[in-house]
Amino acid sequence: NSRTFQWRPTPSKHNTPTTSKPEENMSLNRYTGGMDDLFDEFTNFPMAMPGMQKVWTPEVDITETEKQISLDMNAPGFQKGDINIDVQGQALVIKGKHSMKEREDKGTFHRKERRTQSFERRFTLPEYADVDKIKARMEHGVLHMDLPKKSGAKQHSKHVAIQ
């Protein structure tokens, strides 16, 4: 029994929280995330204005089972040494950067679109994620991460009646 869901990124320089309480920032993240998505679509448009750097955000699938959370991120062209994974408080931070190597026989370029590429993704981890047991591996341009759940940890679920 598995379910797939979308995690909203934690606040970044583009969507800074107005309060230190995460539960009060949830709606803020939802609204500013939509604006970030719109901006990302514009800058990823193939005919973006000349000289404008395209913003690239790797696609992520996150699934959860009773025992773990799994994250699969597309990172074509990246090697495991190009990616750094850190846990900062309750945030999972994944950063990547790689550069295209210059060819010895440069010749004349008729088109040069490949260049340095970087990204940063942040995800809020649930309290029941066991950060000490996270495992990651790269396979065919995909970063696979397994985040086990703490033993005995239960998700808090409660129905709220409308008055």
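The values are calculated or read from the model by the stated rules, or taken from the named source; none is laboratory data. Small disclaimer: the values here were computed from a predicted structure and weren't measured. For neighbour counting, all protein chains shown are included, and Cβ atoms are generated from backbone atoms with ideal geometry for every residue, glycine included. Side chains included, ligands, DNA and RNA excluded: accessible areas come from the protein's heavy atoms. Shrake-Rupley method; radii C 1.70, N 1.55, O 1.52, S 1.80 Å.
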Residues that are more than 19 Å from the chain's Cα centre (by Cα) and not hydroxyl-bearing (Ser, Thr, Tyr), drawn from the range 137-157:
Lys149, Lys150, Gly152, Ala153, Lys154, Gln155, His156
Which one is modelled with the highest pLDDT, of the residues in the range 114-153 that are more than 22 Å from His98 (Cα to Cα) and of a type in the set (Gly, Ala, Ser)?
Ala129
What are the residue pairs meeting all of these: first residue in the range 68-94, first residue under 17 Å from Trp56 (Cα atoms) and polar (S, T, N, Q), second residue open to solvent by 60 Å² or more (accessible area, probe 1.4 Å) and not in a strand (DSSP E or B), Cβ atoms under 6 Å, and 6 or more apart or on different chains?
Asn74/Glu59
Residues of the range 57-73 being surrounded by 13 or more Cβ atoms within 10 Å (Cβ to Cβ) and either part of a loop (DSSP other than H, G, I, E, B) or not hydrophobic (A, V, I, L, M, F, W, C) (or both), which ones?
Thr57, Pro58, Asp61, Thr63, Glu64, Gln68, Ser70, Asp72
Among (1) touching a residue at least 40 places away in the same chain (Cβ under 8 Å); (2) exposed (fewer than 10 other Cβ atoms within 10 Å of the Cβ) - the single one His144 does not satisfy
(2)
Being modelled with pLDDT of 60 or more, open to solvent by 50 Å² or more (accessible area, probe 1.4 Å) and closer than 19 Å to Ile134 by Cβ narrows Gln79, Gln88 down to just Gln88
Would you be able to say whether some residue in the range 127-136 is in contact (Cβ under 8 Å) with a residue 60 or more places away in the chain, on the phi < 0 side of the Ramachandran plot and under 19 Å from the mean Cα position of the chain (by Cα)?
yes
Those residues of the range 90-116 that are farther than 16 Å from Val142 by Cβ and in contact with a strand residue (DSSP E or B) (Cβ under 9 Å, 6 or more places away or on another chain) come to a total of 9
Those residues of the range 127-141 which are open to solvent by 30 Å² or more (accessible area, probe 1.4 Å) and not in a strand (DSSP E or B), in sequence order
Glu127, Tyr128, Val131, Asp132, Lys133, Ile134, His140
